[in-house]
1. Pairs of Cα atoms under 8 Å, at least six residues apart: use those to get the relative contact order of region 11-120, whole percent.
2. List the GluC sites (Glu not before Pro) within region 153-198 that fall in a DSSP loop (any state other than H, G, I, E or B) and whose Cβ has at most 14 other Cβ atoms within 10 Å.
3. Return the single residue from 179, 222, 27 with maximal mean-square fluctuation; model: Gaussian network over the chain, springs between Cα atoms under 10 Å.
4. On a 0 to 90 degree scale, rounded to 10, what angle separates helix 21-30 from the longest Cα axis of the chain?
5. So, in nm, how far is label residue 130 from label residue 80 when the simple model puts each one 7 Å beyond its Cα toward the Cβ?
6. Which residue fluctuates the most in the chain, going by a Gaussian network model with Cα springs under 10 Å, if the choices are 249, 135, 146?
7. Give me the percent of Cα-Cα pairs in region 52-97 that sit more than 14 Å apart, rounded to a whole number.
8. Restricting to DSSP H runs of at least four residues, report the calculated mean residue ellipticity at 222 nm for the chain, -39500 (n - 2.57) per run over all residues, nearest 500 deg cm²/dmol.
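The values are calculated or read from the model by the stated rules, or taken from the named source; none is laboratory data. Small disclaimer: the values here were computed from a predicted structure and weren't measured. Methodologically, a virtual Cβ is constructed for each residue, glycine included, from the backbone with ideal geometry; neighbour enumeration extends over all protein chains shown. Quick note on the areas: whole protein, heavy atoms, side chains included, nothing else; ligands and nucleic acids left out. Shrake-Rupley method; radii C 1.70, N 1.55, O 1.52, S 1.80 Å.
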Amino acid sequence: MEGIESGSKQGKRVVVIGGGIAGSLAAKLLQFDADVTLIDPKEYFEITWASLRSMVEPKFAERTVINHKSYLKQGRLVTSPAINITESDVMTEDGSVIGYDYLVIATGHNDLFPKTRQEKLSHYQSEYEKIKSSGSVLIVGGGPSGVELAAEIAVDFPEKKITLVHKGPRLLEFVGQKAADKASDWLESKKVEVILNQSVDLSSASDGNKIYRTSGGETIHADIHFLCVGKPLSSQWLNGTVLKDSLDGKGRVMVDEYLRIRGRSNVFAVGDITNIPEMKQGYIAETHANVVVKNIKVMMSGGKKKKMSTYKPGPELAIVSLGRKDSVAQFPFVTVVGCLPGLIKSKDLFVGKTRKARGLNPKLV
């Protein structure tokens with residue numbers, strides 16, 4: 001096994017596992033104060049909530065798919081999955097052994113990604129061609145991804161027949177009824193057919209047959225389909241490590257108010273894998289990263305616990321983009337749909353802001 005060590009910053013070796021929204025920001029903010037190693041199976045970070053726009057406008061992905069080395073100028077990158085953690089080291093699939101003084105786990109959800117940025121950009125071009133050449137589209141899943149994809153296609157390709165099937169009683173079950181109803185009304189105004197309380201047998205349209213069957217006995221004609229359902233958490237692998245007792249019954253990592261894994265003084269968890277009862281959203285993952293960065297800096301400088309930052313969930317906010325101009329927004333005391341909340345998110349999907357937070361040109365001139 002290859003050992004990766006650096007004595008340049010004694011006692012300040014930080015390993016970040018996972019290069020998503022939270023992990024990329026933590027690595028970027030710590031790289032000049034510590035000896036940082038970022039471990040990620042792929043060479044790039046993606047602004048995930050903007051990915052659906054890239055399916056109807058592949059050029060959009062030029063700003064949303066970012067090589068780790070574009071913002072990680074000082075840190076080290078290991079492009080291989082982490083497979084084990086001991087009290088002092090992280091092991092990766094390629095045989096690397098990376099020592100740490102502080103560890104940040106930001107592995108998010110399991111998904112299949114191409115390894116290189118160019119492969120990911122080519123994937124979006126391919127998805128765009130599929131949508132463009134089809135006459136009808138089936139979307140399975142009525143969470144934020146399914147709703148946003150249906151809206152993106154409906155706005156950019158109004159001539160397509162779009163059917164959205166969701167197994168639950170309403171769309172967007174992570175937000176309130178009022179926001180869900182407004183999203184549903186908006187989709188229906190764009191002639192998207194919404195079918196609730198049913199699932200789809202995706203294998204029923206194999207061998208070139210484009211007729212899909214639902215659990216309610218309905219048939220749907222669609223040239224292509226997209227599966228927009230939740231991905232499992234990327235935390236089960238921790239059961240084979242020293243952190244095996246850190247997971248709750250749902251596979252979430254149990255953390256304290258400092259976002260340290262319970263019972264550990266130097267191991268943190270951030271983002272969707274934490275057991276904090278709150279909406280799992282990108283801006284919240286970034287807030288987690290900022291808290292952990294502050295706490296690691298306090299600990300590295302020998303500061304006392306009372307100087308560390310605590311994390312408390314804020315008010316529940318959610319904005320679901322509906323194409324390029326509209327969105328539905330749920331704020332603590334009001335729910336709004338249309339172009340006003342759309343001004344907040346829909347045009348740029350926070351891409352410029354997210355790039356800027358990593359020291360990158362927001363517009364990619």
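1. 36
2. 159, 173
3. Fluctuation is largest for 222.
4. 30
5. 3.2
6. Comparing 249, 135, 146 in a Gaussian network model of the chain, the most mobile one is 249.
7. Working: 672 of 1035 pairs.
Cα-Cα pairs in region 52-97 separated by more than 14 Å: 65 percent.
8. -8000 deg cm²/dmol
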